[in-house]
Amino acid sequence: MKKMTAEYQKLFEREGKEIENLSDTISGKEVEELKDLIVNASNNIFFTGCGTSAMDAKKIVHTLRVVELKTFFLNPSDAVHGALGVISPGDIVVFISKSGSTKELTSFLPNLKEKNVKIVTVTENPKSEIALQSDLVTIVKINNELDEFGLLATTSSLAVISLFDVIACLIMKESKFTKKQFLINHPSGAVGEKLKNSSNRDRY
């Protein structure tokens, strides 16, 4: 039992260290450029990805919606079967792709170019096909995944989500996002209850 305890503690520590290292490995300039692009967007922002990256994209979309940004998930398989019709000139499409060369994503890059949208890539590979065709690239690279093979999307997934968690919090601070706004957007669940209680206390 003690051996198992020591093992899971090491795993938590390793994953935590990878996330901590992001403050040194992610370019502050790239974070600022990405944050400014998102917050100043006048049109819709679409996030897309495959596999675990799709799950990351959906979580990011939800987080940014809470702070009142017009974000949507674009399913890659739906995109090439008509869903690209929802995208208009001036929109932003953010690709979440560790390799930057996933075929399901590269297949509709030419279509996005035709639509005159701004393309952003969050990837480990700045020389990848998607990155080279992007208007803005943010490099998020970790040293090791958590599993023994180094293949399971673990720390790399958390790293991408962490990037946009930070961006969301920066946007909240800069826009002076209030608890009242938060409550209007998130009235239910434990968060809604906490905000309601906080709002009631603030009245007195």
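The values are calculated or read from the model by the stated rules, or taken from the named source; none is laboratory data. Predicted model only: the values in this text are computed from it and were never measured. Cβ: placed from backbone, ideal geometry, glycine included. Neighbour counts: every protein chain shown. These accessible areas exclude ligands, DNA and RNA; they are computed on the full protein's heavy atoms, side chains included. Shrake-Rupley method; radii C 1.70, N 1.55, O 1.52, S 1.80 Å.
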With (1) touching a helix residue (DSSP H, G or I) at 6+ places or on another chain (Cβ under 6 Å); (2) over 30 Å from residue 13 (Cβ atoms) as the list, and residue 120 as the residue in question, which single condition is left unmet?
(1)
Could you tell me how many of the residues in segment 104-126 are within 20 Å of the chain's Cα centre (by Cα) and open to solvent by 50 Å² or more (accessible area, probe 1.4 Å)?
4
If I filter segment 167-194 down to residues being touching a helix residue (DSSP H, G or I) at 6+ places or on another chain (Cβ under 7 Å) and among the β-branched types (Val, Ile, Thr), which single residue comes out as surrounded by the fewest Cβ atoms within 10 Å (Cβ to Cβ)?
171
Would you check if residue 149 is aromatic (Phe, Trp, Tyr) and buried (at least 18 other Cβ atoms within 10 Å of the Cβ)?
no
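Which ranges mark the helices (runs of 4 or more DSSP H) fully within segment 1-116 that have 3 or more residues being modelled with pLDDT under 95, of a type in the set (Asp, Glu) and under 23 Å from residue 159 (Cα atoms)? So that I can check it myself, show each step before the final result.
Details: elements: 2-25, 28-39, 52-66, 76-79, 103-106, 109-114.
Result: 2-25.
Being of a type outside the set (A, V, I, L, M), open to solvent by less than 70 Å² (accessible area, probe 1.4 Å) and over 14 Å from the mean Cα position of the chain (by Cα) narrows it down to one of 91, 24, 78, so name that one. First the steps, then the outcome.
Numbers: 24 fails: open to solvent by less than 70 Å² (accessible area, probe 1.4 Å); 78 fails: open to solvent by less than 70 Å² (accessible area, probe 1.4 Å).
From the options 91, 24, 78, the qualifying one is 91.
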Taking the condition of being under 23 Å from residue 61 (Cα atoms) and either touching a strand residue (DSSP E or B) at 6+ places or on another chain (Cβ under 8 Å) or open to solvent by 60 Å² or more (accessible area, probe 1.4 Å) (or both), how many residues in segment 2-19 meet it?
0
